[in-house]
Amino acid sequence: MLKKVFCYLWLHGWKYRVIEGQHQRYLEQLRRRGRVNVVFTAIDVTLWRYQHLYELLAADERFNVSIVLTPCTSRLHADKDVEGLRRYFDQRGMRYVDFDFGGKPFDIKRELNPDIIFYTQPYEYLLEDEHDCRHFYDRLICYVPYAFWTASGKLSYDLHFHNQAWRLYYSTAMHLEDARQTATNKGRNVRVTGYPNADDYLGTGHKSPWAASTDGRQRKRIIWAPHYSIKEKSTFAPRSNFLLMADLMVSLAREYADRVQLAFKPHPALLTQLYEDSRWGRERTDAYYDLWRTMGNTQLETGAFIDLFMTSDAMIHDSASFSVEYHYTRKPVMFVSSNPLPILEGMNDFGKKAFALHYQGHNEADIRHFIDDVVLGDNDPLLPQREQFFHDYLLPPGGKSVAQNIYEDIVGEV
């Protein structure tokens, strides 16, 4: 007990303050040295938030910029994550340090000696030891949340990572206020720059990933994006809707085949959860995913999703971040939960504002009504409120891109 008390006081009363001074001394060394080594870690494509920032830093001769593939190898499909990253970066002609599943992980600190290192997630012990954030607290760690944070509490704002990182680039002033209220360091390392995906949502030239119609019919394009939780007693139990909806959504796809095109956009972790579940397992899961890939009016989407969102007509989901991100489209969206009250109780004020702009689905009848009346019938009374939310909260501050806001903060310090 005394040891726990001592550790708490050491971290919260001393360590987190000392590290701020260490950051300042490191910055002073960088200013004298001039050239800055920057490393971006990449877990999988769906979590990659740094494309535009990477381009700005890579074009600045003051920075040596590298990308290192750092998959979460505990995932059963980590190899697919790496394949997706390779395709993404190869298509853009970007150099990166690959990941070798059969060899020793690339030693970032020894080989690249980063001054600034960007992480995708704020969790310790998530990556291979040579890649894990625990070994880089003596450098300048930067982080942009991989999701639009709709929850408050320690997990969102007060992990060791949050308190020891040099910069946390948050989406809105409401998220900064949450950090001030929750984090031990009172959010002193937070800067409000906007959500990085905004740069893509607000861009032009979105390419449609939707399968072309084979019969010439114009169908409404609806996304179904289920959360990964399938355990009724888990932390995310109120979002555990996949097992209840799996057969229903297939039936609806078949029933509305002449009017609706459905895209199955599962959370990246759902595949692993289903593989490990005794009710599903690998064979049944693969068959289910293949069904969505092969039905005449459906498709499976497991990679990047911004173009999918922007070229869709509506979405049905039970995700946290998507409850905000889809509002960039200003299209109608339904949140599915048999009991939304526990979800609302865990939300911050920002999350509640976004949640209130959803049509609520508690059962099959609600989902059918959403498809028939809102999507097919174009009866969308929540549209004006979504438009207002978009202008009030989703546009980056300062009239600049999110990447430019982050870039200018870094350049102003080093």
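Residue pairs whose Cβ atoms lie under 9 Å apart, separated by 6 or more positions or on different chains, with the first residue in the stretch 18-40 and part of a strand (DSSP E or B) and the second small (Gly, Ala, Ser), are Asn37/Ser66; Val38/Ala58; Val38/Ser66; Val39/Ser66; Phe40/Ser66. Identification of strands (runs of 3 or more DSSP E) wholly contained in the stretch 50-167 with 2 or more residues that are within 26 Å of Glu301 (Cα to Cα), in contact with a His (Cβ under 7 Å, 6 or more places away or on another chain) and open to solvent by less than 10 Å² (accessible area, probe 1.4 Å) yields no element. Considered as a group, the residues in the stretch 298-313 that are open to solvent by less than 10 Å² (accessible area, probe 1.4 Å) and out of contact with any Asp or Glu (no Cβ under 9 Å at 6 or more places or on another chain) include one that is nearest to Tyr195 (Cα to Cα), and that residue is Ser312. Within the stretch 253-285, track down each residue that is in contact with a Leu (Cβ under 9 Å, 6 or more places away or on another chain) and farther than 22 Å from Phe322 by Cα. Scanning the stretch 253-285 gives Tyr256, Arg259, Tyr275, Glu276, Asp277, Arg279, Trp280, Gly281, Arg282, Arg284, Thr285. When Leu47 is tested against (1) at pLDDT 95 or above; (2) open to solvent by less than 30 Å² (accessible area, probe 1.4 Å), exactly one condition is not met: (1). The set of residues in the stretch 239-268 being in contact with a helix residue (DSSP H, G or I) (Cβ under 9 Å, 6 or more places away or on another chain), in a helix (DSSP H, G or I) and of a type in the set (A, V, I, L, M) consists of Met245, Ala246, Leu248, Met249, Val250, Leu252, Ala253. With Tyr195, Tyr256 as the choices, which residue is open to solvent by less than 30 Å² (accessible area, probe 1.4 Å) and over 25 Å from the mean Cα position of the chain (by Cα)? From the options Tyr195, Tyr256, the qualifying one is Tyr256.
Taking the stretch 314-335 as the search range and keeping residues that are open to solvent by 10 Å² or more (accessible area, probe 1.4 Å) and either touching a helix residue (DSSP H, G or I) at 6+ places or on another chain (Cβ under 6 Å) or outside any loop (DSSP other than H, G, I, E, B) (or both), which one is farthest from Leu376 (Cα to Cα)?
Ranking the candidates gives Phe322 first.
May I ask you to list pairs of residues, at least six apart or on different chains, whose Cβ atoms are under 7 Å apart, with the first in the stretch 277-295 being of a type outside the set (S, T, N, Q) and the second being in a helix (DSSP H, G or I) and surrounded by 12 or more Cβ atoms within 10 Å (Cβ to Cβ)? If the second residue must be in a helix (DSSP H, G or I) and surrounded by 12 or more Cβ atoms within 10 Å (Cβ to Cβ), the pairs left are Trp280/Leu274; Gly281/Tyr275; Arg282/Tyr275; Tyr288/Ala246; Leu291/Val250; Met295/Ala253.
Taking the stated definitions as given, is Leu341 open to solvent by less than 10 Å² (accessible area, probe 1.4 Å), aliphatic (A, V, I, L, M) and over 18 Å from Glu364 (Cβ atoms)?
Working: open to solvent by less than 10 Å² (accessible area, probe 1.4 Å): no; aliphatic (A, V, I, L, M): yes; over 18 Å from Glu364 (Cβ atoms): yes.
Spelling it out, it is not the case that Leu341 is open to solvent by less than 10 Å² (accessible area, probe 1.4 Å), aliphatic (A, V, I, L, M) and over 18 Å from Glu364 (Cβ atoms).
Acidic (Asp, Glu) and farther than 21 Å from Ala58 by Cα: is that true of Glu111 in this structure? So Glu111 does not fit the description; no. Within the stretch 269-287, identify whether any single residue is assigned to a loop (DSSP other than H, G, I, E, B), in contact with a Ser or Thr (Cβ under 7 Å, 6 or more places away or on another chain) and modelled with pLDDT under 90, and answer yes or no. No.
Let me confirm something: among Thr172, Thr184, Thr204, Thr214, which residue is open to solvent by 60 Å² or more (accessible area, probe 1.4 Å), touching a residue at least 12 places away in the same chain (Cβ under 8 Å) and of a type in the set (S, T, N, Q)? Every option except Thr214 fails the conditions.
Does Leu76 qualify as being of a type outside the set (Asp, Glu) and under 20 Å from Asp199 (Cα atoms)? Here the answer is no, as Leu76 does not meet what is asked. Of the residues Arg139, Arg180, the single one that is over 17 Å from Pro114 (Cα atoms) and modelled with pLDDT of 95 or more is Arg180.
The values are calculated or read from the model by the stated rules, or taken from the named source; none is laboratory data. What you are looking at is a predicted structure, and each value in this text was computed from that prediction instead of being measured. Neighbour counts run over all protein chains shown; Cβ positions are idealised from the backbone, glycine included. Heads up: the accessible areas ignore ligands, DNA and RNA and are worked out on the full protein's heavy atoms, side chains in. Shrake-Rupley method; radii C 1.70, N 1.55, O 1.52, S 1.80 Å.
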